[in-house]
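Taking it in order: structure first as structure tokens, then the write-up.
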Amino acid sequence: MTAAVHAEESKLPLTAQAAGQCRAALVAWFTREGRDYPWRRTQDPYAILVSEIMLQQTQIATVLGRGYYTRWMEQFPDASTLAAADEGAILKAWEGLGYYSRARNLQRAARTVIDGHQGIFPRTLEEIAALPGVGRYTAGAVFSFAWNLPAPIVDGNVARVLSRLFSFQSEINTPAAQRILWDWAEALLDRKHARQFNSAIMELGQRLCTPRQPACDLCPLKVHCLSAGPSAESLPKKKASRKTVTEDEHALWVMRNGCLLMAQETGSRRKGLWRLPLRTEPECRQLPLISRSKYSITHHRVTLSVHEAPHALPNGEESWQPVNSLSGLAMPGPIRRVVDDLLPRGGGL
Ligand code: SF4
């Protein structure tokens, strides 16, 4: 073993021998039990980047089960296709996944690959991390999954595994704790099998080292884990998250000559997406309520009330959209559900 590797391992609360056993056990477990996902069958960094960005804040079951990843790769199979695509088409393909800045950043990343790297996906960690929307985790994932090159990754799953493995008692959502977790991830990484090791530690967090009732009896790290057993559930420790905020939104449902009044978002979070026009509660008080639903966005819990209006003057960002073209407009999931529910009821046609 080289001096450099010893230096790295000195950061771990484990002997070098135990660290080696952890690596071997994880890689062997993954070889036996690892799941087969489409992004694990490719070494195309663009395809891996797409999967990683989609999987931020979205479950694998949604990304795969509802066909988002497959459809995206069919529609935008490479960086040049995505770079040249119309923003409306991109938002439409992302419709229902939420956090739409991810889709826009993916296109900006594709454009950087085409314009800034002559169409060749960058191959250093620093260049990958400099792509729009790509942080240290995503850069490490692309680097290790595409080329099997050594870079650590720490996402929520990896942080949970490491916290429990080393019985880490600090709150993990602080910069100081994050630095320690990244150091541990780097020191524990199997540098020859970075692809398998990183996949393994993430999947261990998803399937065995789960937030509730971790399956320690089945865990390949059990003999070295300082938290194995019922007490594991108390880790990782976290600083309290932001308080939930409740909000009421009041929207209009106005039809005219086969068109519905719609508004296109200009704010940063949902820019380019279409929604029903919003009004204040007093403006809607006299109008019949035709739909009420709830949705969540980050820490906001929103109650959306839709009121039928006989007429309305469009504001700056509002326009009349033909009913038969609504299916082609990109809308946030909660708005799409309301529109799809109200239109077949006649919706004022
Ligand atoms: S033994 Fe339990 S707590 Fe420890 S890493 Fe495995 S599943 Fe997590």
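Is region 298-349 rounded, prolate or oblate when judged by the Cα gyration tensor, a ≥ b ≥ c being the square roots of its eigenvalues, rounded requiring a/c under 1.5 and prolate requiring a/b larger than b/c?
Values: a/c = 1.41, a/b = 1.29, b/c = 1.09.
It comes out rounded by the Cα gyration axes.
According to the square roots a ≥ b ≥ c of the eigenvalues of the Cα gyration tensor, what is the shape class of region 245-345, taking rounded for a/c under 1.5, prolate for a/b larger than b/c otherwise, and oblate for the remainder?
rounded
Against the longest principal axis of the chain, how steep is helix 156-165, in degrees 0 to 90 to the nearest 10, with axes from Cα atoms?
Approximately 30 degrees, to the nearest 10.
Could you tell me which of 43, 117, 230 has its Cα farthest along the dipole of the chain towards the positive end, charges placed at Cβ (Lys, Arg +1; Asp, Glu -1), taken about the Cα centre?
230
For the residue pair residue 341 and residue 317, what label-to-label distance in nm results when each label sits 7 Å from Cα along the Cα-to-beta-carbon direction?
2.3
Report the one residue of 166, 83, 62 whose Cα lies farthest in the direction of the positive end of the charge dipole of region 36-185 (charges on C-beta: Lys and Arg +1, Asp and Glu -1; origin at the Cα centre).
166
Helix 194-207: angle to the longest alpha-carbon principal axis of the chain, degrees 0 to 90, nearest 10?
The angle comes out at about 60 degrees.
Subtracting the Cα-Cα distance from 0.36 nm times the residue separation, let me have the gained length for residue 115 to residue 15 in nm, one decimal.
On the way: separation 100, 0.36 × 100 = 36.00 nm, distance 4.70 nm.
Net length gain for the segment: 31.3 nm.
Does region 96-157 classify as rounded, prolate or oblate by the C-alpha gyration tensor (a ≥ b ≥ c root eigenvalues; a/c under 1.5 gives rounded; else a/b over b/c gives prolate, otherwise oblate)? List each step's numbers first, then the result.
Values: a/c = 2.28, a/b = 1.05, b/c = 2.16.
Oblate, because a/c is 1.5 or more while a/b does not exceed b/c.
If I model a spin label as a point 7 Å beyond the Cα along the Cα-Cβ vector, how far apart are those points for residue 244 and residue 299 in nm?
Computed distance between label sites residue 244 and residue 299 equals 1.3 nm.
Using packing as a proxy for protection, rank 244-257, 198-211 so that the peptide with the highest average count of other Cβ atoms within 10 Å comes first. List each step's numbers first, then the result.
Values: 244-257: 15.4, 198-211: 21.3.
Final packing ranking: 198-211, 244-257.
Which of the lysines could be linked to residue 92 by a straight reach, that is with a Cα gap under 18 Å, when you skip same-chain ones fewer than 8 residues away?
271
Rounding to the nearest 10 and keeping the result within 0 to 90°, find how far the Cα-based axis of helix 45-55 lies from the longest principal axis of the chain.
70
If N is the number of residues in the chain, what value comes out of its Cα radius of gyration divided by 2.2 N^0.38 Å?
Working: Rg = 24.0 Å, N = 349, 2.2 N^0.38 = 20.4 Å.
Output field value: 1.18.
Say the dipole of region 245-345 comes from +1 at the beta carbon of Lys and Arg and -1 at that of Asp and Glu; which of 319, 260, 334 then lies farthest toward its positive end?
Checking the options against the dipole of region 245-345, the answer is 334.
Roughly how big is region 3-234's charge dipole about its Cα centre, with Cβ charges of +1 (Lys, Arg) and -1 (Asp, Glu), in debye to the nearest 20? Before the final figure, lay out each step's value.
Details: 24 positive and 22 negative charges, 66 e Å.
Around 320 debye, computed over region 3-234.
What is the sum of charges around residue 235, taking Lys and Arg as +1, Asp and Glu as -1, for the other residues whose C-beta is under 10 Å from the C-beta of residue 235?
Working: positive: 160, 164, 237, 238; negative: 233.
Its environment carries a net charge of +3.
Each value in this text was obtained by applying a stated rule to the coordinates, not by laboratory testing. Quantities reported herein were computed from a predicted structural model and do not represent experimental measurements. Counting neighbours? That spans all protein chains shown, and the Cβs are built from the backbone with ideal geometry, glycine included.
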